[in-house]
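Working notes for the structure below.
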Amino acid sequence: MSTPGNESYSTGRRWGGWVNCALAVLSVLALAAMANYLSYRHYTRASVAENIDLEFSSRTELMLRQLDSEVNVTVFYDEEESSRVLVLELLKKYQHANPLVRFTAVNPLREPARAREVIRRCRLPAQARNLIIFEANQRMQIVTHGQLTKMDASRTAKGELVFKRTAFLGELHFTSAINAVSNPVMPRVFFLTGHGEHSPTNTGSAGYTKCLRLLTDLGAVTSTIQLNRDTDIPTACRLLVLAGPVTKIDPTEIRKLERYLQNGGRMLVLLNRNSLAGLKNLLERWAVTAHDDVIFDPENTLGDSTLRVRQFMPHPSVRALQKGELSVRLLMPRGVEANTQSALAAEGTQTTTLMVTGPEAKARDTSTQGPPRVTREGSLSVAVAVEKGAIPGVQAENATRLTRMIVVGDAAFLRNDRIDTDANREFAWHSINWLLNRAALLKGIGPKPIREYRFEYTKPQKHRMFALLLLILPVGTLSLGAMVWLRRRA
């Protein structure tokens, strides 16, 4: 018999308890669902790792917003390589910004079957490792491990030379690769040859293969052209590069260059310090004066005779360099300046100075025999940009094409052995994009610094740390455990 005060719950109370429990569970699930919905629609991603600063530049953000075709990325990396983490984290941010960027990671050591498939599909060497492969629209772009980090040499206290990674260049190369494979427009770029120019196929120090690779990264189709009586500049040519001609260009070829410019052509003219190659009159007709001199600036000249130019004028092609306070390294450049008063220049030609030396520079004349004499002093121009609007007589469909030209008083700064010094590559990147009228790519992508932390201990500190980790902490833990055991037993 049940006694008063000890009665069991009634059926109604039991069911009420179950209903309350069910409602509580449903409430918790509903709150979790709402929290997940809100976090899915309204969220913020932030990196807490100082060495993985993944804030995109405005150029990358614009490119990802405009991306409308799927890009597949294969991370062909060994897990032991330290840069792999930076690569994967950066690609996750690309994928999060635009789901059309999809990536997979393949470890050649742990996944030999998948590795062989990647090597076969991409036609890679059998021993290829540590690559990032971008594929879209039946085009492929490969970024190598060596391109991703900037190495600087330093000496230790013992005088040993040590190379350390100081900057991560992943965003620069990844954005370029995605743009190259996804952009439906592939501009044709030609290198003029036959006059002693730097060859885009020469892999030596004086070659231009790295400059050619830069154009490929921009999605351009490159080739060489040698003008003669039967060859003219193709109508498909979007950009013509004159990479330091040495021998005189024939007057027939000069007329073809002039006709190309008159019809809205684009040219990147890099002058050799020992020769104008007969281009002086052509440049004068476009309000550019190329001097027969070499500029010296002791205040900004380095030990290898290169001149560091730090002053940039307001222009889209150098805006990012000016904003980033970067510098360009030229090798004994000749003076190139805007000549707005030129009687030969056509009406409507706009010429803008791009770079000038320091105020202590001197120009020495090299056109005469004997010791060179100083002809000009002060802040001297070494690069100019030319632009001209609609050309009278040009067909209507081409009337909106602008003639554009950049003239630099040095061709050596884009050689294989110099293009990666200072901001030479960045200057070439922006100059080419301005010439090709790619305003979206004129915003800079700077390197992400890699900070290295080093802990050094004196010998007494090492002894104290050894005693703390291997003696005091283990003995203290055992002593505490023994005290608890004795207390419970008592």
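A rounded overall shape is assigned to segment 188-435, the ratio a/c of its alpha-carbon gyration tensor axes (a ≥ b ≥ c) being less than 1.5.
Residues ASP304, ASP230, ASP250, arranged from fewest to most other Cβ atoms within 10 angstrom of their Cβ, appear as ASP230, ASP304, ASP250.
Quick note on segment 58-148: its Rg to Rh ratio, both from C-alpha atoms and Rh being the Kirkwood radius, is 0.97.
By other beta-carbon atoms within 10 Å, ranking LYS362, LYS462 with the fewest at the front produces LYS462, LYS362.
Give me the percent of DSSP beta bridges within segment 169-287 that run antiparallel, rounded to the nearest 5.
On the way: 2 of 15 bridges.
Close to 15 percent.
From the Cα gyration tensor of segment 217-294, with a ≥ b ≥ c the square roots of its eigenvalues, which class applies: rounded if a/c is under 1.5, or else prolate if a/b is larger than b/c, or else oblate? Mind dumping the intermediate values first?
Values: a/c = 1.59, a/b = 1.38, b/c = 1.16.
It comes out prolate by the Cα gyration axes.
Going by neighbour counts of Cβ atoms within 10 Å, the residues TYR37, TYR260, TYR208 line up, fewest first, as TYR37, TYR260, TYR208.
Loop-resident trypsin sites (Lys or Arg not before Pro) (DSSP state other than H, G, I, E or B) in segment 86-141 with no more than 10 further Cβ atoms inside 10 Å of their Cβ: ARG110, ARG123. Backbone phi angles across segment 404-417, fed through the Karplus curve with coefficients 6.51, -1.76 and 1.60 (θ = phi - 60°), yield HN-Hα couplings of 9, 8, 10, 10, 10, x, 7, 10, 6, 6, 10, 5, 4, 8 Hz in residue order; Gly and Pro are listed as x. The residue among LEU124, ASN107, MET63 whose Cα reaches farthest toward the positive pole of the charge dipole of segment 58-148, with charges on the beta-carbon of Lys, Arg, Asp and Glu, is LEU124.
Please give the contour-minus-distance gain from GLU55 to SER69: 0.36 nm per residue of separation, less the Cα-Cα distance, rounded to one decimal in nm. Each step should come with its number before you reach the end.
Details: separation 14, 0.36 × 14 = 5.04 nm, distance 2.31 nm.
Stretched fully, the GLU55-SER69 segment lengthens by 2.7 nm.
Please work out how much length the chain gains when fully extended from ASP232 to VAL25, using 0.36 nm per residue of separation minus the C-alpha to C-alpha distance, in nm with one decimal. Mind dumping the intermediate values first?
Values: separation 207, 0.36 × 207 = 74.52 nm, distance 7.99 nm.
Extra length available between ASP232 and VAL25 comes to 66.5 nm.
In whole angstrom, how far apart do the alpha carbon centroids of segment 168-208 and segment 289-334 sit? The two parts, judged by their Cα centres, are 22 Å apart.
Checking the cross-link pairs LYS150/LYS248; LYS256/LYS362; LYS210/LYS323; LYS150/LYS280; LYS150/LYS256 against a 32 Å limit on the alpha carbon distance flags LYS150/LYS248; LYS256/LYS362; LYS150/LYS280; LYS150/LYS256 as lying beyond it.
Only beta bridges with both residues in segment 58-148 are counted; by DSSP, about 65 percent of them are antiparallel.
All of the numbers you see were taken from the coordinates with simple rules; none came from a lab. Computed from a prediction, not measured in an experiment: that's the story for all the values here. Note that each Cβ is placed from the backbone with ideal geometry, even for glycine, and that neighbours are counted across all protein chains shown.
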